[in-house]
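Step one of this worksheet: look at the structure below.
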Amino acid sequence: MSVISHSAIDHAPRNDEAAAEQSRGGVLPLLGRALSYVLLLTVAMAALAMIVIPLATGSQTYSVLTSSMAPKYAPGTFLVVKPTPFEALRVGDVITYQIESGKPGVISHRIISIGASQSGEREVRTQGDNNSLPDPNPVLGVQVKGKLFYAIPWVGFIANSVGQERDSIIPILAAVFIGFGALSMVRGALEKKRSGRNPRHSQ
């Protein structure tokens, strides 16, 4: 007849519990690091698209307020508009231009034709993608702010909430994004170093 001691019976569950605890202890930090890296990548991409590239290219940013360019550029779309020579604009380009020359109000519509005024000055005709009729007045070079570089859906709502303080807040946001990224990298390096110094041993 086989004899099993009480110590052997009690020891097995403890080993199972220790293994489960060790497994949890290994998975949770790994999951935390993965989430941190995803968040860091998201923040870095947002900073790159909304701050770094526009500053580096001398572009201006705008938010779509109406549905005249829907559905592709629906209200809330964040537009990055890059300065472009008027002569380089072509039919099909989306441009942002002053509604009245010298005044701050702007609109972003697509070029549907290019021609010349009676004086021989180059001009373009525009229309919203969602509008049934062309814009009533031709657009001259002096009115054009630039050509659409790229657009980000929904982000314009955030920019609108910032309002007129956007220009002063953007450098602050850039510093925050960079600081957050540096902090995350340092923290990840320290955690990796600690885990290397204190390896887990199975029993």
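The values are calculated or read from the model by the stated rules, or taken from the named source; none is laboratory data. Note that the structure is a prediction, hence the values are computed from the model and not measured. Note that each Cβ is placed from the backbone with ideal geometry, even for glycine, and that neighbours are counted across all protein chains shown. Surface areas here come from the heavy atoms of the whole protein model, side chains and all, with no ligands, DNA or RNA. Shrake-Rupley method; radii C 1.70, N 1.55, O 1.52, S 1.80 Å.
If each of residue 43 and residue 103 carries a label point 7 Å out from its Cα toward its Cβ, how far apart are those two points in nm?
4.3 nm
Quantify, in whole percent, the carbon and sulfur part of the accessible surface of the range 26-68 (1.4 Å probe; protein heavy atoms only).
Working: 2130 of 2640 Å².
So the carbon and sulfur contribution to the accessible surface is 80 percent.
Starting from the Cα of residue 103, draw a straight line to each of the lysines and keep only those under 24 Å, dropping any in the same chain fewer than 8 residues away.
82, 145, 147
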